[in-house]
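Please treat every number below as a calculation from the coordinates, not as lab data. Computed from a prediction, not measured in an experiment: that's the story for all the values here. Positions of Cβ are backbone-derived with ideal geometry, glycine not excepted, and every protein chain shown enters the neighbour counts.
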């Protein structure tokens, strides 16, 4: 359980779960094409990119603890899950990888925003800065997609709980 930080483990687990959930074409559309389209929309609609950095720092600072809290709820739910509930364990496993990847993406956005916010404005025309802005906007689109995937997975988990508990409660009252 304890050991060095292995970000690659979280990323590989995430992509393994995504490959289970999506076929190759929807996977490419969901994780590459849609974030890229969102990035283009952001690029064309954002007037003051410097102001965006501060906003992203604020949003990331709020989102990271919320996602960590949600991850702890997933862990608590997993502890309460019986070994017979394979569907719930599968939902929790996928939810764990998605939330972990979303947290990593948010941390990446936070660090990149902090770096870009402290760059001298005279350097903003450099190709490296433009590339970093491109990566930042893509990461925002990727984050939005992962938050939506997390929402759907939490919804399905709760729906599963309602169905199972509803069936159990109907059996008890009959």
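Which ordering of 108, 134 is given by a fewest-first count of other beta-carbon atoms within 10 Å? Please list the in-between numbers first.
Values: 108 17, 134 12.
Ascending number of Cβ neighbours within 10 Å: 134, 108.
At a 10 Å Cβ-Cβ cut-off, how would you order 156, 51, fewest neighbours first?
On the way: 156 14, 51 11.
Least to most surrounded, the residues fall as 51, 156.
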Answer with a single label: of [x] 153; [y] 189; [z] 135, which was calculated as volume of the Cα convex hull per residue in Å³ from the structure in view? [x]
Run the numbers for residue 159 and residue 51: contour at 0.36 nm per residue of separation, minus the present Cα-Cα distance, in nm. 34.9 nm
Could you let me know the centre-to-centre spacing of region 135-161 and region 47-118, using Cα atoms, in angstrom? 9 Å
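Taking neighbour counts of Cβ atoms within 10 Å as a proxy for exposure, in what order, fewest first, do 160, 138, 76 appear? If you can, show how the numbers build up before the last one.
On the way: 160 15, 138 18, 76 10.
Arranged by neighbour count, lowest to highest, 160, 138, 76 become 76, 160, 138.
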Potential lengthening between residue 80 and residue 29 on full extension [0.36 nm per residue; Cα-Cα distance subtracted]: 14.8 nm
Can you give me the distance in nm between label points at residue 72 and residue 127, each placed 7 Å from the Cα along the Cα-to-Cβ direction? 4.7 nm
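Suppose R0 equals 30 Å; then what is the FRET efficiency for residue 148 and residue 87 from their Cβ-Cβ distance, rounded to the nearest 0.05? It would help to have the intermediate numbers written out before the result.
Values: r = 21 Å, r/R0 = 0.71.
With R0 = 30 Å, the Cβ-Cβ based efficiency is 0.90.
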Between residue 61 and residue 11, what is the label-to-label distance in nm when each label sits 7 Å out along the Cα-to-Cβ direction? 2.7 nm
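Would you mind getting me the FRET efficiency between residue 120 and residue 40? Use the beta-carbon distance for r and R0 = 45 Å, nearest 0.05. Working shown, then result.
Details: r = 27 Å, r/R0 = 0.60.
E(calc), rounded to 0.05, equals 0.95.
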